[in-house]
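Structure first, commentary second.
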Amino acid sequence: MGNEGQHEQNGHLRSRDPNKLLNRLEHWTWANYTFPMSTGGLSLLLSEKTQAFNFRGLQTIGKVVYIYDLVIFTLVTAAMIYRFTKFRGTLKASITHPTEGLFLGTSALSLASIIAGIARYGIPECGPWLVVAYRVLFWIYFAVTFMIAVGQYSLLFTSPALKIQDMTPAWDLPIFPFMLSGTIASVGAADQPPVHAVPMIVAGLTAQGLGMIISILMYACYIHRMIQYGFPSPNSRSGMFIAVGPPAFTSLAIIGMANAFPTSYTYFGDADVTLQIVQTLATMTAVFIWSLSFWFWAIAVVACLAVCRQMTFSLSWWAFVFPNVGFTIATLTIGKQFDSPGVEWVGTIMTILLVALYLFILVNHVRAFVRKDIVYEGKDEDVYTNEIHHTYGKKEWRAEGDSEEQLKQA
């Protein structure tokens, strides 16, 4: 080696001074996208079209949060690019890592919030060109996230280090971005010409359906893991809220797509009758599915409260926000469908609590970064976590070259 201040470790150069800010970016993992992901979700939640009870300036607040999300997403992406270009081998290692690799999908989830925000805040203020751009972005997102889902699960199923006892709802993250194609379709299909709206709705329903089915299959493994081994480790329990997301986003997506179905098409007979049937069926199905979100939410709350004094900040804390954004919007949407002020008020209270929770987590995020509790050697998702023994690996995962015996010792 011979280079002063550096030595080779885990297949790439590592600085001897981990306290320097730029050197700390070697541990800037994919999980950092949970920050803009939650911020983008919050901007959608604050939209006038989402909330049942509006006030003057709400749309402006939502726009400010949306612009804030764009800035955060850009900064996180710039840091990721720096990490992959500066520290050799980290890109491949991050994707194949049994823990960090699961969070690759959060980058696409961040984009889903941004794309959906275009329909909420951009299209009403811009010309027809943005409607076309939205449609193009939808189809690109649809194709790319499907490839991510196939690729990530192929790696997950063949990982020698990650076993069923290590399972958390984070295993659902690879399919989550593709599933949110349905949410993107439900938000923007109403702005599209009918000839383009119908294919978007059909594709969105396909993605939402596949995502929900895969999530149910993962739920079976997740519940089996909890029956046999108990709850995840204290610092991983915030991730239990990820299980709230799929049924919640499915509920709001199917209602949104039903409401956006063009009345100019008569595939199933009279357009008005068809629309009424589709909306009724979507609403009843949404309520049916919403209950699953509520159950997983309650289980996660109980699990986190039981160890709240043992929990220290990690980037998975943002799972307190994003899945519950979908849960809250679904609640508000169901309240609107039934024209129920009571349910709408519950959704409004949930919104207020979620904003307060977001601010609390943001303060702890900044504090943890300053105190080097995150983005630091051995503190992030680039180390292996043993969920059964509640311990962390002594060394980082290597993309290649480790024997199975070495992996066990790690």
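The values are calculated or read from the model by the stated rules, or taken from the named source; none is laboratory data. The model shown is predicted, which means the values in this text are computed figures rather than measured ones. Ideal geometry is used to build each Cβ from the backbone, glycine not excepted, and the neighbour counts take in all protein chains shown. Heavy atoms of the whole protein, side chains included, go into the accessibility calculation; ligands, DNA and RNA do not. Shrake-Rupley method; radii C 1.70, N 1.55, O 1.52, S 1.80 Å.
Take the cross-link list Lys92/Lys372; Lys49/Lys372; Lys49/Lys86 and give me the ones stretching past 32 Å between alpha-carbons. Check vs 32 Å cut-off fails for Lys49/Lys372; Lys49/Lys86. Protection proxy ranking of 116-124, 51-59, 342-350, by the mean of other Cβ atoms within 10 Å over each peptide's residues and highest first, is 116-124, 342-350, 51-59. Shape analysis of the stretch 125-177 places it in the prolate category; the axes a ≥ b ≥ c from the Cα gyration tensor give an a/c of at least 1.5, with a/b above b/c.
Post the alpha-carbon centroid distance, the stretch 174-189 to the stretch 252-268, in whole angstrom. If we compute the Cα centre of each part, the gap is 15 Å.
Tell me, what is the percent relative contact order of the chain, built from C-alpha pairs under 8 Å that lie six or more residues apart? Across the chain, relative contact order equals 21 percent. Comparing Met200, Met311, Met240, which has the greatest mean-square fluctuation in the GNM of the chain with Cα pairs linked when under 10 Å apart? Evaluated over the chain, the most mobile residue of the options is Met311. Shape class of the stretch 89-179 from the alpha-carbon gyration tensor: prolate, with a/c at 1.5 or above and a/b greater than b/c. Please report the spacing between the Cα centers of the stretch 192-215 and the stretch 33-68 in Å, no decimals. The distance from the Cα centre of the stretch 192-215 to that of the stretch 33-68 comes to 24 Å. With θ taken as phi - 60° and the Karplus curve 6.51 cos²θ - 1.76 cosθ + 1.60 applied, the whole-hertz 3J(HN,Hα) list for the stretch 275-283 is 4, 5, 5, 4, 5, 5, 5, 5, 5 Hz, x standing for glycine and proline.
Toward the positive end of the charge dipole of the chain, with +1 on the Cβ of Lys and Arg and -1 on the Cβ of Asp and Glu, the farthest Cα among Met200, Phe73, Gly41 is that of Phe73. Calculated mean residue ellipticity at 222 nm for the chain: -20500 deg cm²/dmol, from DSSP H runs with n ≥ 4 weighted as -39500 (n - 2.57), summed, divided by the residue count and rounded to 500.
Protein heavy-atom accessible surface, 1.4 Å probe, per residue over the stretch 21-371: 41 Å². Residues in the stretch 87-94 carry Karplus couplings, in order, of 10, 4, x, 6, 5, 5, 4, 5 Hz; the curve used is 6.51 cos²θ - 1.76 cosθ + 1.60 with θ = phi - 60°, and Gly or Pro positions show x. Note on the stretch 90-168 and the stretch 358-382: Cα centroid distance 23 Å, given to the nearest whole angstrom.
Of the solvent-accessible surface of the stretch 21-371, computed with a 1.4 Å probe over protein heavy atoms with every protein chain present, carbon and sulfur atoms account for 74 percent. In the elastic network of the chain, a GNM with C-alpha springs shorter than 10 Å, the most mobile of Ser94, Ser110, Ser291 is Ser291. Enumerate by residue number the chymotrypsin sites (Phe, Trp or Tyr not before Pro) in the stretch 204-265 meeting two conditions: DSSP loop (anything except H, G, I, E, B), and at most 11 other Cβ atoms within 10 Å of the site's Cβ. Filter output for the stretch 204-265: empty list. Note that the stretch 101-109 has calculated 3J(HN,Hα) couplings of x, 4, 8, 4, x, 5, 5, 6, 5 Hz, one per residue in order, obtained from phi through the Karplus relation 6.51 cos²θ - 1.76 cosθ + 1.60 (θ = phi - 60°); glycine and proline are x. Here's the picture: charge each Lys and Arg Cβ at +1 and each Asp and Glu Cβ at -1 in the stretch 21-371, and of Leu353, Val273, Asn259 the one pushed furthest to the positive end of that dipole is Leu353.
Here the dipole of the chain is about 740 debye; that uses its Cα centre as origin and unit charges on the Cβ of Lys and Arg (positive) and Asp and Glu (negative).
Across the stretch 35-189, C-alpha contacts under 8 Å between residues 6 or more apart give a mean separation that, scaled by the residue count, equals a relative contact order of 28 percent.
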